[in-house]
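Peer 1: If you scroll down you'll find the structure; I have some questions about it.
The values are calculated or read from the model by the stated rules, or taken from the named source; none is laboratory data. Keep in mind that this is a model prediction, so the values were computed, not measured. Methodologically, a virtual Cβ is constructed for each residue, glycine included, from the backbone with ideal geometry; neighbour enumeration extends over all protein chains shown.
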Amino acid sequence: MNSNKRKDRSNDNDRSRGAKRNKGGSGGKWQTPHQQAKVASVRGTGTIEPGDIGIWATCARGQEGRATVELRSMLHQFAEQFYGTAADADEADDDDEDLDIEASIRKEAAAIENQKSKPQLFTPVHLDIECVLFVKVRPPIDPVDFVHRIGIEVASKPGSARTKYINRLTPMTLMGKATEKGLEDVAKAVLGEYFKLAKKNDSEEVRDSQEDVKQDESSKTDYSVRCYAIRPTIRNHNTLKRDVVINQIASSIADVHKVNLTTPDKVILVEIYQTVCGMSVVGSDWEALKRFNIAELSKPAPGAPKVKLEAAMPERVTSDEALSAPNPELGSK
């Protein structure tokens with residue numbers, strides 16, 4: 001009797017230990033750095049830093065890992081379609097679990113060399129929040145133009161995205177620190193292309209007057225008629241309140257532009273997460289494109305009017321030209 005009980009307890013302990021080994025996700029198997037890097041590429045690594053550009057995405061709850069894989073695949077698909085870029089080396093969906101150690105090391109070395117010569121267009125960042133993803137973007141991808149094109153493409157061809165977990169995409173032209181000064185800097189860098197900015201004091205008058213001349217020469221009539229709406233989203237952040245964000249951005253824009261919450265010419269998107277804030281300006285068709293909600297655009301209502309692309313698409317570039325393009329000055333195009 002006692003021996004049987006000991007055997008039963010032993011079996012229970014074995015099962016418990018086995019479950020703990022599987023908790024790591026590798027089934028207790030040794031992983032090469034290359035395999036660990038593949039896992040990290042799914043979960044995301046690093047942090048969002050001031051000066052980054054990228055794309056926020058929302059996804060189904062509890063499916064952040066699968067959504068990250070799906071998002072990168074979709075972004076590469078449309079980047080190749082719009083810009084002629086090729087997928088990164090680690091995007092290949094191959095299974096190397098059966099490779100021996102030598103083969104894994106050789107593959108790892110080849111991957112490292114390839115990454116040195118070919119930087120990634122899209123780099124996911126690990127976030128401590130459910131249902132939200134962030135992907136850093138590098139030139140030649142312009143997040144606003146890129147996401148707008150994706151919206152147009154999915155609206156006209158609902159099956160083109162082939163997504164299951166991804167919902168809304170929100171492009172970010174520039175990221176900065178989530179402080180009043182950081183928000184001011186980001187607003188000045190991003191909004192100057194679309195709006196005449198308000199002067200704050202006499203010391204800035206000379207510098208601002210030079211910027212006004214450039215703006216007026218390029219777009220004299222636009223500034224007098226362009227209205228806007230501000231749409232902030234704040235996650236895991238307690239310092240900057242919604243009203244403060246809206247008032248600070250509105251005060252940075254000259255009075256020639258008016259607020260219009262129903263039919264704005266431009267929509268200012270603001271995303272604040274923990275210690276960073278980001279901003280972008282999208283067109284008047286943002287609402288018509290379901291606020292870039294890919295899941296909604298994939299199932300349009302019968303007879304819904306097609307949305308036309310506002311700006312002409314730039315010339316198609318080759319993959320080598322795209323990946324070797326220099327970083328432009330942040331906040332400018």
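Peer 1: List the pairs whose first member sits in region 160-175 and is without any contact (Cβ under 8 Å) to a residue 12 or more places away in the chain, whose second member is surrounded by 24 or more Cβ atoms within 10 Å (Cβ to Cβ) and of a type outside the set (D, E), and whose Cβ atoms are under 9 Å apart, counting only residues at least 6 apart or on separate chains?
Peer 2: Qualifying pairs under 9 Å: S160/I150; S160/V154.
Peer 1: Can you go through R226, R162, R168 and tell me which one is basic (K, R), within 29 Å of W56 (Cβ to Cβ) and at pLDDT 95 or above? First the steps, then the outcome.
Peer 2: Numbers: R226 fails: at pLDDT 95 or above; R162 fails: at pLDDT 95 or above.
The match here is R168.
Peer 1: Could you please give the count of residues in region 241-264 that are in contact (Cβ under 8 Å) with a residue 40 or more places away in the chain and within 26 Å of D52 (Cα to Cα)? Even if it seems obvious, please write down each step before you answer.
Peer 2: If we filter region 241-264 for residues that are in contact (Cβ under 8 Å) with a residue 40 or more places away in the chain, which is where we start, we get 244-245, 248-249, 251-257.
Those still in the list that are within 26 Å of D52 (Cα to Cα) too: 244-245, 248-249, 251-253.
Total meeting the criteria: 7.
Peer 1: Here is a follow-up. What pairs come out if I take residues in region 118-143 that are free of Cβ contacts under 8 Å to residues at least 60 places away in the same chain and pair them with residues that are acidic (D, E) whose C-beta lies under 7 Å away, six or more apart or interchain?
Peer 2: Q120/D88
Peer 1: In region 126-150, how many residues are more than 14 Å from I48 (Cα to Cα) and either of a type in the set (S, T, Y) or within 14 Å of the chain's Cα centre (by Cα) (or both)?
Peer 2: 11
Peer 1: Filter region 42-82 down to the residues that are assigned to a helix (DSSP H, G or I) and among the aromatic types (F, W, Y), then identify the one that is farthest from N293 (Cα to Cα).
Peer 2: Step by step, filter region 42-82, then rank; the result is F82.
Peer 1: Say whether the condition of being at pLDDT 80 or above, surrounded by 19 or more Cβ atoms within 10 Å (Cβ to Cβ) and more than 23 Å from S160 (Cα to Cα) is met by at least one residue in region 53-69.
Peer 2: Yes.
Peer 1: When you go through V132, V190, V137 one by one, which is the residue that is at pLDDT 85 or above and surrounded by fewer than 22 Cβ atoms within 10 Å (Cβ to Cβ)?
Peer 2: Selected residue: V132, the only one of V132, V190, V137 that is at pLDDT 85 or above and surrounded by fewer than 22 Cβ atoms within 10 Å (Cβ to Cβ).
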